[in-house]
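Student: Structure provided below as structure tokens; questions to follow.
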Amino acid sequence: MQDQAQQLRNVIKQKNIKTTVTPKITAKARVLTVTSGKGGVGKSNLAVNLAIQLRKFGKRVIIFDADIGLANVEVMFGAIPKYNLSDMIYKGKALREIVSEGPMGIGFISGGSGIAGLNHLTAEQIDRLVVELEQLDELADVIIIDTGAGVSDSVLKFVVSSPEVLLVTTPEPSSITDSYSLLKILYQQPEFHPTETKINLVANKVTSVSDGEALYEKLKLVVSKFLGGELNYLGMVPLDMALEHAVRQQKVVSLEAPSSNAAHAFEVLADNLIHNEHKKVIMKRGISQFFSNFWNR
């Protein structure tokens, strides 16, 4: 007999569980799960900025903030959700009622305290959750799931469930080690099938395009050698004072400084996702970069 966690994993991955009500679905939303081996590497920033850039490409986007207790998405969007996932599960709210609106019409769902009880739902609650979540296919072209950091059970469930994963890593040795640890534990999960999940690395806080590629090659090598798996490269986000300033102000750099190198990098990442390519970021050379090059010649 399947446990409840397995049934919930099938919600995202298969979306074909039989229920008492069959919703009419005209299209399938693309599900992207953003995760990291440790906190503080820019995971939620990636989720939010990627949503902005995908919206600029004309995609309907909903972010599911599954990072319980931190509420990073709603803080950066400057919006306080009226309802969250637990209101849908336990209080009878409809899915459309718990989808809050962020900038540019981007929707987002706050996990609230609902995730903690997902493994203790009744069969009726699971059926209703399945039916409600399937409606996201009607509301969005892309669903971005912003998980918590690390290797908790809830994080692993979302990663195992997702057909596409964006793994955010920085050049810091601890970030690289933690990213590999996350992948190692992921590969040990009996429900994880590498052929069914595409894992994309996003190199964050790197000083150049080549540094991002070097970070990817390093992780790709150990994943191939010790896990026998594959790691794809989505692209990089550079160190950028505009991004650091936006983070301090709890703002979204793609909105606050759309011409910055960081915003352009997020645009390239979105473009790569849409067209399944690997375009590189071409960073503008500001005056500080000019003098840096000048004095180092």
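Student: On a full-extension model of 0.36 nm per residue, what is the gain between residue 256 and residue 208, subtracting their alpha-carbon distance, rounded to one decimal in nm?
Tutor: Values: separation 48, 0.36 × 48 = 17.28 nm, distance 2.24 nm.
Length difference between fully extended and current span is 15.0 nm.
Student: For the range 31-276, what does the equivalent ellipsoid look like in terms of its semi-axes, each the square root of 5 times an eigenvalue of the Cα gyration tensor, given largest first in whole Å? Mind showing how you got there, number by number?
Tutor: Values: eigenvalues 153, 105, 45 Å².
Calculated on Cα positions only, the semi-axes equal 28, 23, 15 Å.
Student: On to the next question. So who's got an amide H within less than 5 Å of the one on residue 31, skipping anything under 5 residues away but keeping other chains? H placed 1.01 Å off N, in plane.
Tutor: Under 5 Å from the amide H of residue 31 lie the amide H atoms of 143, each far enough along the sequence or on another chain.
Student: What percent does the relative contact order of the range 31-276 come to when contacts are Cα pairs within less than 8 Å and at least six residues apart?
Tutor: Rounded, it is 25 percent for the range 31-276.
Student: Would you mind computing, in nm to one decimal, how far apart the modelled labels at residue 185 and residue 232 are, each placed 7 Å from Cα along Cα→Cβ?
Tutor: 2.5
Student: Fewest Cβ neighbours within 10 Å first, please rank 234, 219 accordingly. Intermediate values should be presented prior to the final figure.
Tutor: Values: 234 25, 219 19.
Result, fewest neighbours first: 219, 234.
Student: Could you tell me how far the Cα centroid of the range 144-207 sits from the Cα centroid of the range 36-54, in Å?
Tutor: Going from one Cα centre to the other spans 13 Å.
Student: Less than 13 Å Cβ to Cβ from residue 168, Lys/Arg counted +1 and Asp/Glu -1: what total charge do the surrounding residues give? Please report the intermediate quantities before stating the final value.
Tutor: Numbers: positive: 38, 43, 205; negative: 67, 146, 172, 178.
So the surrounding residues net to -1.
Student: OK, next. What is the extension gain from residue 225 to residue 138, computed as 0.36 nm multiplied by their sequence separation minus the C-alpha to C-alpha distance, in nm to one decimal? Before the final figure, lay out each step's value.
Tutor: Values: separation 87, 0.36 × 87 = 31.32 nm, distance 4.12 nm.
Gain in length upon complete extension: 27.2 nm.
Student: If I take R0 = 25 Å and measure r between the Cβ atoms of residue 276 and residue 217 in this structure, what FRET efficiency does the formula 1/(1 + (r/R0)^6) give, to the nearest 0.05? Intermediate values should be presented prior to the final figure.
Tutor: Values: r = 20 Å, r/R0 = 0.81.
Efficiency at R0 = 25 Å is approximately 0.80.
Student: Which entries of 38/198; 59/91; 56/218; 43/220 have Cα-Cα distances beyond 22 Å here? Before the final figure, lay out the partial values.
Tutor: Working: 38/198 20 Å; 59/91 31 Å; 56/218 33 Å; 43/220 20 Å.
In this structure, 59/91; 56/218 exceed 22 Å between Cα atoms.
Student: Remind me, relative contact order of the range 140-260 in percent, using alpha carbon pairs under 8 angstrom and six or more residues apart?
Tutor: On the way: 142 pairs, mean separation 26.5, N = 121.
That works out to 22 percent.
Student: Note the full-extension length gain between residue 56 and residue 153 as 0.36 nm times their separation in residues minus their Cα-Cα distance, in nm to one decimal. Don't jump to the answer; show the numbers that get you there.
Tutor: On the way: separation 97, 0.36 × 97 = 34.92 nm, distance 3.39 nm.
Additional length available on full extension: 31.5 nm.
Student: While we're on this one: What residues have an amide H closer than 5 Å to that of residue 206, excluding those fewer than 5 places away on the same chain, when H is modeled at 1.01 Å from N in the peptide plane?
Tutor: 237, 239
Throughout, read-outs are computed from the coordinates displayed, never taken from laboratory work. Just so it is clear, the structure is predicted and the values come from calculations on it, not from any experiment. All Cβ positions, even for glycine, are placed from backbone atoms using ideal geometry, and neighbour counts span all protein chains on display.
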